[in-house]
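Rule-based calculations on the coordinates, nothing more; no lab input. Treat the numbers as computed from the prediction; the structure is a model and nothing was measured. Because the Cβ atoms are built from the backbone with ideal geometry, glycine has one as well, and the counts that use them run over all protein chains shown.
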Amino acid sequence: MNLFETIKAYNEDGGLIIYLLFIIAILIWTFYFRFLVILRERVSNHDIETHLDGSAKSTKGATFRMLTFVKRSLISKMNIEEACDMAREAETAEFFGHFRVLSALVAAAPLFGLLGTVIGMIATFNAVSGSGETDAMIADGISKALVTTQAGLAVALPGTFAIVHLKRLFKQLKNIIDRNESRIVILLEEGKEL
């Protein structure tokens, strides 16, 4: 049996639940790769000293945006801690809601697999209580139950690792922002210009 026939058999055995799991898998990986690109950009080029001395090769990353924001706020006589808090919020706020959505999608996958299991077991019990070709109907119900459970777990497990990876990068971003804030405050206390 080749790959195409295997996928076709899974779709036939799992029914609508397999299609729902396929959509969930696409959403999980779309979110993952989108946020991976954003987070990698934000943690890149994080050495504040290269931005201060003008030797930074790129204006990308959270450090550059934070430094720019703090410089603008100093011109407008804003409190430095308040300016750093606003810069932190600007760099991190969008991720909290997105992590909730991604976590909900990953949590939903095994639940949809479980729903398919219940549907398959109901079909099995109906076959046992009915008449006719019971063996084929029992086998079909059990197949549906196992295929959807397997598919739900196959979607959820890699999604769980994706969330852990993104949260690790997010923590790295927060650490960079904290270090930058400390460094900016020290520089300003020493009387140096940004």
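A few comments on the model shown:
- DSSP loop trypsin sites (Lys or Arg not before Pro) with at most 14 other Cβ within 10 Å excluded, longest remaining stretch of the chain: 78-191
- The range 1-116: relative contact order as a whole-number percent, Cα under 8 Å and 6+ apart: 31 percent
- Exposure rule at most 11 other beta-carbon atoms within 10 Å, DSSP loop GluC sites (Glu not before Pro): the chain longest free segment: 1-132
- For the range 101-143, projected area of the alpha-carbon convex hull averaged over all directions, nm²: 2.8 nm²
- Two-decimal ratio, the range 1-54, of alpha-carbon radius of gyration to 2.2 N^0.38 Å: 2.09
- Between Leu3 and Phe96, the modelled labels are 4.2 nm apart [label points 7 Å from Cα along Cα→Cβ].
- Footprinting exposure proxy for Asp13, Asp47, Asp53 (fewest neighbouring C-beta atoms within 10 Å first): Asp53, Asp47, Asp13
- Remark: relative contact order (the chain) = 30 percent; criterion is Cα-Cα distance under 8 angstrom and separation of 6 or more residues.
- Summed over all non-identical Cα pairs, the Kirkwood treatment of the chain gives a radius of 20.2 Å.
- Altogether, the Stokes-Einstein calculation at 37 °C and 0.692 mPa s, with the Kirkwood radius of the range 113-165 over Cα pairs as Rh, returns a diffusion coefficient of 277 µm²/s.
- In units of the compact-protein estimate 2.2 N^0.38 Å, the range 142-194 shows a Cα radius of gyration of 2.27.
- Highest-MSF residue in the chain out of Val164, Val128, Val43 [GNM, Cα springs under 10 Å]: Val128
- The distance between label points at Phe22 and Thr68 comes to 4.3 nm (points 7 Å beyond Cα on the Cα→Cβ vector).
- Mean residue ellipticity at 222 nm, helices only, the chain: -30500 deg cm²/dmol; runs of at least 4 DSSP H residues each add -39,500 (n - 2.57), and the sum is divided by the number of residues.
- For the pair Leu194 and Met121 in one chain, pulling the backbone fully straight at 0.36 nm per residue adds 19.6 nm over the alpha carbon distance.
- Of the DSSP H helices in the chain, those with a Cα length along their own long axis of 24 Å or more and a mean Kyte-Doolittle hydropathy reaching 1.0 comprise 16-43.
- With semi-axes defined as the square roots of five times the eigenvalues of the C-alpha gyration tensor, the equivalent ellipsoid of the range 1-106 measures 45, 17, 6 Å, largest first.
- Counting neighbouring beta carbons within 10 Å and listing from fewest to most, the residues Tyr19, Tyr32 come out as Tyr19, Tyr32.
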